[in-house]
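Beneath this line is the structure, given in structure tokens, with notes to follow.
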């Protein structure tokens, strides 16, 4: 059963704070952990907030850290979460932009193509579209969006897939084996 991720707790801003961004790598036995912290200071107060935490298998080179977050949607969510945290604690806009550039230099935002391809690789779509996957407009134009023609193609393929499953339950078992075997659930 999937657990719902708790929303990021609201963080109180400290008026008049100064901010610094810190990163920390730790080598563990089989992997490396990266933490990104935001430090904030006001007279008589110090606070450190975790902005991001990621785990990298030891075999990866530093140049391969873009795959750190596992999926484009997760990577985008983690970076957007960092941006939201900066907004919540009232980091000045120019400094927040500088912090995001620092983080995005090592962990770039996914491209629209990466996000689109990940969404289109959904197991149901992959099985339903089959070889017709190449007929999506994205493969002709390179534009990462679903057009009306694509929606019609997907609807047609899903209807054909549903008919195949109703006619032959083995098709349904094959689909379940594909989904459950791919670790998508």
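For the condition at pLDDT below 75 and either within 24 Å of the chain's Cα centre (by Cα) or surrounded by 14 or more Cβ atoms within 10 Å (Cβ to Cβ) (or both), what is the one hit in 40, 60?
Details: 40 fails: at pLDDT below 75.
On inspection, the qualifying residue turns out to be 60.
Within region 88-185, considering only helices (runs of 4 or more DSSP H) that don't extend past its boundaries, which have at least 2 residues that are farther than 30 Å from residue 37 by Cα?
Passing ranges, in order: 112-120, 123-129, 137-141, 148-167, 169-181.
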Filtering region 103-120 down to residues that are surrounded by 13 or more Cβ atoms within 10 Å (Cβ to Cβ) and over 14 Å from the mean Cα position of the chain (by Cα) yields 103, 106, 120
Just wondering, is there one or more residues in region 131-141 that are within 30 Å of residue 83 (Cβ to Cβ) and either within 16 Å of the chain's Cα centre (by Cα) or touching a residue at least 12 places away in the same chain (Cβ under 8 Å) (or both)?
yes
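The values are calculated or read from the model by the stated rules, or taken from the named source; none is laboratory data. Model, not experiment: these values are computed from the prediction. Note that each Cβ is placed from the backbone with ideal geometry, even for glycine, and that neighbours are counted across all protein chains shown.
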